Each structure stands twice: as C-alpha cells, then as structure tokens.
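The values are calculated or read from the model by the stated rules, or taken from the named source; none is laboratory data. Worth saying up front: this structure is predicted, and the values here are computed from it rather than measured. In this analysis, Cβ positions are derived from the backbone assuming ideal geometry, glycine residues included, and neighbour counts consider all displayed protein chains. The accessibility values were calculated without ligands, DNA or RNA, using every heavy atom of the protein model including side chains. Shrake-Rupley method; radii C 1.70, N 1.55, O 1.52, S 1.80 Å.
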Amino acid sequence: MTGPSTPPAVEAPLGRLWFYANYHCNLACQYCLTDSAPNSARRILPAERMVKAAQQAAEMGFTDLGVTGGEPFLRPDTPETLSRLGEILPTVVLTNATLFRGRRIERLRQLVGAPVAVQVSLDSADPAPNDTLRAADNHATVVETIPRLVGLGIRVRVATTLDPAVPVDEDDQARLCALHRSLGVADEDHVVRP
C-alpha cells in the first residue's frame, strides 16, 4: 500500500527549538557561529512564523524555545515576539546586552513575570579578554546592563564561552562567578560552554 505514513509517536521530550530571529548584529565577535556582524545581510525570520512554529513545537512535545541571531534586539518587535513565545513555551533569548538603553529597556517590562530568560554573554571577569573577543567597552556595558535587567524583574542568565585551545583559568572563573553573583545572577543561571 502506498501513501503517507504516520510518523512514530514521540515518547521523550524533544528539548529546545531554536529560532534565528535575524543574522545581523551590532558586534563582530571572533567566535560567532553565524558570522554575524554589522555588515551581515538583513535576513529576518518573521515573528508570525516563529509563533506558528512554536505552537507546532509545543504540540510535538518540545519543552522550550530559544531565540538567537545576530543580535535579536536589533529588531524592534523582539520584546513583543518574546512575550508571545513565552505564552507558548518557556523561552530564552541570547543577546550581547549592548542595546538596552532608554525605550529599548523600558519595552522589556512586558517580559516581567513571563517565562522568558535573557541570556547575556560575558566571557571573563576582566574587561581585556572579554573585549578582545567581542568589542571595545563590551564588558563595562554588560556589567552595567545586567543589574538593570535584574532590577526590572527579568530573569537573566550569563553565558561564558571558553576557548578550548586555552587552559581554563580557575581564578578568572571564580572571579567571574563572584561578579555575576554581585550583579544578581544566581549560579544556576551561569552557563559555561566550550
């Protein structure tokens, strides 16, 4: 007999479904997986497509959603999109946290109490190594921004990317943990990845 077959039932959770909201970014980090940068093509995944895919993902058994880019917050609709996605499944958005000033940070208030986490990149307790990988004054901007987000009542996660070719500096990692704690980010919200 020919014809469409029924896919097998999913028995285990499928984990996180990722959306690349855009590919352009205000930074050009050395290790960016998508080669995002200020001059990258302006490819954007429409918000309605993300919402529809999130609804389908929930029906299929995915447990949560991730939004990344580029820098998702270069899109003016990102706070509203995150709010809508959080109504469907818990959501984490990856950001360099360099754009949260004035109206941009005020627009994040709609995420307070929502199951949405803002994951901020911070690679070292010291500015020099962090800024070498990301951009001049990135460390200072991020360290200034995290407490503002926490103060609004938004869940913040800190993501640290380690260079697998460089031995881990345990002292730097200890100082980084002390720093994120002092900024209001708990240990369980510190993600370290190679």
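Leaving ligands, DNA and RNA out of it, rank M60, M50 by accessible area with a 1.4 Å probe, largest first. Kindly include the intermediate steps, with their values, before the conclusion.
Details: M60 110, M50 5 Å².
Descending order: M60, M50.
A 1.4 Å probe over all protein chains sorts L176, L89 by accessible area into L89, L176, starting with the largest. The listed residues T91, T63 rank as T63, T91 when sorted by accessible area, largest first, using a 1.4 Å probe. D171 contributes an accessible area of around 90 Å² to the protein surface, as traced by a 1.4 Å probe with all chains present. Element breakdown for the chain at a 1.4 angstrom probe: carbon and sulfur atoms account for 56% of the accessible area. Straightening the chain between D77 and R104 buys 8.7 nm, computed as 0.36 nm per residue apart minus the Cα-Cα spacing.
Quick check: residue separation of A186 and A140 times 0.36 nm, minus the Cα distance between them. What number comes out in nm? Each step should come with its number before you reach the end.
Numbers: separation 46, 0.36 × 46 = 16.56 nm, distance 1.97 nm.
Taking A186 through A140 to full extension adds about 14.6 nm, to one decimal.
Using the 1.4 Å probe convention, the accessible area of the chain works out to 53 Å² per residue with neighbouring protein chains retained.
So what is the calculated 222 nm ellipticity per residue for the chain, using -39500 (n - 2.57) for each DSSP H run with n of 4 or more, over all residues, to the nearest 500 deg cm²/dmol?
On the way: 6 runs with 65 residues, N = 194.
-10000 deg cm²/dmol, from helical runs alone.
Residues whose amide H comes within less than 5 Å of that of F19, counting only those at least five positions distant or on another chain, are G66, V67, T68 (H built at 1.01 Å from N in the peptide plane). Here the gap between R42 and A178, fully extended at 0.36 nm per residue and compared with their Cα-Cα distance, gives a gain of 45.2 nm. Beta bridges per DSSP, both residues in the chain: antiparallel share near 5 percent. For the chain, the Stokes-Einstein estimate of translational diffusion at 10 °C and a viscosity of 1.306 mPa s comes to 89 µm²/s, using the Kirkwood hydrodynamic radius over alpha-carbon pairs. Projected label points at T63 and A165, each 7 Å from Cα along the beta carbon direction, are separated by 3.4 nanometres.
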